[in-house]
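The values are calculated or read from the model by the stated rules, or taken from the named source; none is laboratory data. These figures come from a predicted structure and were not determined experimentally. Cβ coordinates were reconstructed from backbone atoms using ideal geometry, including for glycine residues, and neighbour counts include every protein chain displayed. Ligands, DNA and RNA are excluded from the accessible area calculation, which covers all protein heavy atoms including side chains. Shrake-Rupley method; radii C 1.70, N 1.55, O 1.52, S 1.80 Å.
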Amino acid sequence: VRHRKAQEFNNMASTPEYYCLDFGALPDELYKPSVPLDEWQKYLKTASKDGFAPGSSCSIAPIRLGELLERLIVYPLYMIMNAAPFLMPPLLWVTLGLRGCVSFILVVAGVHCLCSFTNPLGTMRSAQYIFTERHIQKYNSIKWVWPKTLQPPNTPGPKIFCTIPHGLAPVGIVAYPGWSKLFGDRLNRPTAAAVVLKLPVIGYFLRRIGYIEASSSAIKKALAKEENVGVVLDGIAGMFQKESRQEIGWVRERKGIVKIALTTGTPLVPVFGFGHSELWRIVVDPTLESVQHICVYD
């Protein structure tokens, strides 16, 4: 192993133009908020202006059995929980009557209050290292590639990361510590629709991780605090990606984020999440396709 690491180091580009971090291969003992950026940078791979070799990003990250089982169980539960606050009450009303409906609401409200009161995630910095998202990085073998213009100390100050496509769930962005550590050790605030942040239980976890509303005022407030902001630019429209032969980025009507960048003097960093639209098969109800053109920015 020591020889392989040394060989990989020797194969690094002498004048790097691109950098890559394989989150799944990053040692768990380094996946902590107290670990300095320098320690992570030891695991970066680099490439010259010709880029990385074809297929070099296709490796599968190692994952323990317990981590794999957690993903196989929690992935579908998370998807269900996103819809549960809206679908479960009427479903329980029909099947179990008023008592079942009220019981479900009270249980969810109780869990939410317990989380809010005890705050098991702690600070935003520590919450971004939550184990579920760490398991996603391994399960999906998440890797990031960026140009030298983003490598510290280049491009200092706050940034707005604009990612497409959304897909059913943009799992490529959940390496939350990466946004807050790799590009200047600056807290990153992901964005989400206001209604998602109001969901019980899920809303608590998202807010503790650092999520803010995808609105002009919330984004400007974060930038004023010298924080980074992450936006999945195509939002709801990107969730309904169903064309298997090409990727479609719904960005032409997303001018609001450009206005924010211009008025605050903040650089926009375009990000593309390869695989976001391929993880799940999307079956779209034609009556819901009209919501694809909703824009979440003020």
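Worth pointing out:
- Distance between modelled label sites at residue 93 and residue 50, nm, 7 Å Cα→Cβ extension: 6.5
- Spin-label pair residue 132/residue 145, simplified geometry with 7 Å Cα→Cβ offset, distance in nm: 3.1
- Tensor-based shape of the stretch 28-79 (alpha-carbon gyration tensor, a/c under 1.5 rounded, otherwise prolate or oblate): oblate
- Shape call, the stretch 191-265: gyration tensor on alpha carbons, a/c limit 1.5: oblate
- Top of 104, 117, 23 by mean-square fluctuation, Gaussian network on the chain, Cα under 10 Å: 117
- Quarter of the Cα convex hull surface for the stretch 122-252, i.e. its orientation-mean projected area (nm²): 8.9
- Candidate lysines - alpha carbon under 20 Å from residue 42, same-chain residues fewer than 8 apart omitted: 5, 32, 138, 143, 148, 181
- Computed FRET value (nearest 0.05) for residue 64 with residue 118, which takes r as the C-beta separation and R₀ as 35 Å: 0.80
- In this simple spin-label approximation, residue 73 and residue 39 carry label points 7 Å from Cα along the Cα→Cβ vector, and these lie 2.9 nm apart.
- Amide H partners (placed H, <5 Å) of residue 161, local residues excluded: 229, 230, 231, 269
- Estimated purely from DSSP H runs of n ≥ 4, each contributing -39500 (n - 2.57), the mean residue ellipticity at 222 nm for the chain is -12500 deg cm²/dmol once divided by its residues.
- Cα convex hull, the stretch 50-113: 171 Å³ per residue, rounded to a whole number.
- A 1.4 Å probe over all protein chains sorts 186, 71 by accessible area into 186, 71, starting with the largest.
- Tail beyond 13 Å, pair distance distribution of the stretch 91-132 (Cα, percent): 64
- Under-5 Å amide H pairs with residue 234, H placed in peptide plane, nonlocal only: 166
- Working note: Karplus 6.51/-1.76/1.60 with θ = phi - 60° gives the stretch 269-280 the couplings 10, x, 10, 10, x, 5, x, 4, 8, 10, 6, 10 Hz, where Gly and Pro are set to x.
- Spatially proximal lysines relative to residue 220 (Cα-Cα < 19 Å; intrachain offsets below 8 disregarded): 159, 255, 259
- The Kirkwood hydrodynamic radius of the chain, based on inverse pair distances between different Cα atoms, is 20.9 Å.
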